[in-house]
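Report on the following structure.
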Amino acid sequence: MTVIFLLLQVVPVAEVPDSVPIKAIVTIPHHVRSSCETSPEPDEIVVCGKTHDDQFRLKPIKRPAGMKAPSDEPGIGFDIGKAHGNVYATSGRLINGQVDKRIMVTVKIPF
């Protein structure tokens with residue numbers, strides 16, 4: 001690593017010759033057109049468009065009657081009267097290291 005740094009310090013730096021012309025920075029005047037009109041200059045590009053992009057945005061979908069909002073509970077939810085239930089599968093390990101596959105049912109009853 002040290003050898004590379006030493007070699008980089010020894011390498012001569014290339015100089016820019018004096019014959020290369022230096023380009024000047026040109027500022028282009030910026031003006032806003034009030035309406036979509038053609039440009040008097042043939043090389044100029046004119047972009048016309050609407051400023052409201054709301055027509056391209058997705059609108060929220062209305063939920064059908066009787067459909068509840070999605071919950072963050074795992075599995076398949078169901079309703080029985082006022083009670084709400086959920087069925088899902090899970091796995092765990094027993095003491096001896098075997099995999100225990102389970103089907104869980106949870107029922108929530110408001111009180």
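The values are calculated or read from the model by the stated rules, or taken from the named source; none is laboratory data. Note that this is a predicted model, so its numbers are computed, not measured. Don't worry about glycine lacking a Cβ; one is built from the backbone with ideal geometry, like all the others, and counts go over all protein chains shown.
Screening SER39, SER34 for residues that are modelled with pLDDT under 85, surrounded by 10 or more Cβ atoms within 10 Å (Cβ to Cβ) and assigned to a loop (DSSP other than H, G, I, E, B) leaves exactly one candidate, SER39. Considering VAL16, VAL11, VAL3, the condition of being out of contact with any Gly (no Cβ under 7 Å at 6 or more places or on another chain), modelled with pLDDT of 70 or more and loosely packed, with under 10 Cβ neighbours inside 10 Å is satisfied by VAL3 alone.
Each row is one residue, and each column tells you yes or no for (1) over 34 Å from the mean Cα position of the chain (by Cα); (2) surrounded by 10 or more Cβ atoms within 10 Å (Cβ to Cβ); (3) not charged (D, E, K, R).
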| site | (1), (2), (3) |
| --- | --- |
| ALA65 | no, no, yes |
| VAL87 | no, yes, yes |
| GLY92 | yes, no, yes |
| ILE95 | yes, no, yes |
| VAL105 | yes, yes, yes |
